[in-house]
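J.: Before anything else, here's the structure in question.
The values are calculated or read from the model by the stated rules, or taken from the named source; none is laboratory data. Quick caveat, the model's predicted, so the values are computed rather than measured. Every residue, glycine among them, receives a Cβ derived from its backbone with ideal geometry; neighbour counts consider all protein chains shown. The protein model used for the area step is the full one, side chains on, heavy atoms only, and it has no ligands, DNA or RNA in it. Shrake-Rupley method; radii C 1.70, N 1.55, O 1.52, S 1.80 Å.
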Amino acid sequence: MNNQSVSEIIQEILDKNKRPFMTVNQLSITMGAEIRRLIGIEDCHTAADVRKVIEPQVKDKFIFHKKGPVLYILVPCQPEDLVIAEMDSVKGKSAKLIARSLPFSKADVAKILNNLVDSGRAKNKLNENLDTRYYLIDSPEKVQLLQLSKVEPIHEPERTNTHPSDYSREEFMKAFDGLDNGRIFVRICDLRKKLNWPRDLFDAMLMMLRDKELIQMHVADESTMTPDEIKDCFVDENNYRMGTVTRNVR
């Protein structure tokens, strides 16, 4: 641990991830086996177990928040600030897309967005698909979160409007289970290689399962991957490169 405190280790991981929050499971995986051992985290530990281990060691430097079945660790901040930073990163996002990128529920995000509109700090309008999009109104009161700077846009081939069928979903889950082997996290590059589907079909399946909240994807640690593995990750609509996928517990 190089004499680093647990708080310093977590902050370093979050800084590298370029976001002030992360799922507790992904944090544990990113730490690596040696650091987990030194901290007292065991391979069999759930996210709740990991929280019990690290929470007393980080005190008030981090907070924990649950979104559905998923537990997050966050740098203390106002949820409104994270919503504003997300709106500032990509113009004209829907409440659903903003909530998908943050550790807050759609209802919580919708409430924050409505407050921003009511206070004159944001505006909303319908697009041609009757989908409400939200936009920040530049003002001196606008919150800037420099630690949330986005990664450089990743240029990927355009995706087609492929719609995965039911049988392909079953095949996808079978391949996922074959790679899982109790590890919980499955690398997207391994799953892509195992299925050997057309790229747009594979990506469409990932997006469909994510939108149905059946899976969750996590940012890739490119330092541990080969160039080909990085290429075979999934780049989402916010230009984040996702490296692993987990099933959501129902």
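J.: Carbon-plus-sulfur fraction of the accessible area of the stretch 5-117, 1.4 Å probe, in percent?
T.: Heavy-atom surface of the stretch 5-117 belonging to carbon and sulfur, 1.4 Å probe: 52 percent.
J.: For Cα pairs less than 8 Å apart in space and 6+ apart in sequence, what is the mean separation divided by the residue count of the stretch 168-250, i.e. the relative contact order in percent?
T.: That works out to 36 percent.
J.: R0 = 30 Å: FRET efficiency of Y135 with D49, Cβ-based, nearest 0.05?
T.: For R0 = 30 Å, the calculated efficiency reads 0.10.
J.: Next question. Just how large is the dipole of the stretch 31-133 about the Cα centre, in debye to the nearest 20, putting +1 at every Lys and Arg Cβ and -1 at every Asp and Glu Cβ?
T.: Taking the Cα centre of the stretch 31-133 as origin, the dipole is about 240 debye.
J.: A further question on this structure: Determine the shape class of the stretch 41-81: with a ≥ b ≥ c the square roots of the Cα gyration tensor eigenvalues, call it rounded for a/c under 1.5, and otherwise prolate if a/b is greater than b/c, oblate otherwise.
T.: Because a/c hits 1.5 or more and a/b fails to exceed b/c, the stretch 41-81 counts as oblate.
J.: Which part of the stretch 171-215 falls in the paramagnetic zone of I230, meaning amide N under 19 Å from the point 7 Å along Cα-to-beta-carbon?
T.: Taking a point 7 Å out along Cα→Cβ of I230, the residues of the stretch 171-215 whose backbone N falls under 19 Å are 187-193.
J.: May I pose another question? If the label point is 7 Å along Cα→Cβ of S5, which residues in the stretch 51-81 have backbone nitrogen under 16 Å from it?
T.: 54-63, 75-76
J.: K61: which lysines have alpha carbons under 28 Å from its alpha carbon, excluding same-chain residues fewer than 8 sequence positions away?
T.: Excluding near neighbours in sequence, the set is K16, K18, K52, K106, K111, K142, K150.
J.: Follow-up question, since we're still on this one. By how many nm would the segment from E222 to D180 lengthen if fully extended, with 0.36 nm per residue of separation less the alpha-carbon distance?
T.: 13.1 nm
J.: S105: net charge of surrounding residues, Cβ under 13 Å, Lys/Arg +1, Asp/Glu -1, itself excluded?
T.: +4
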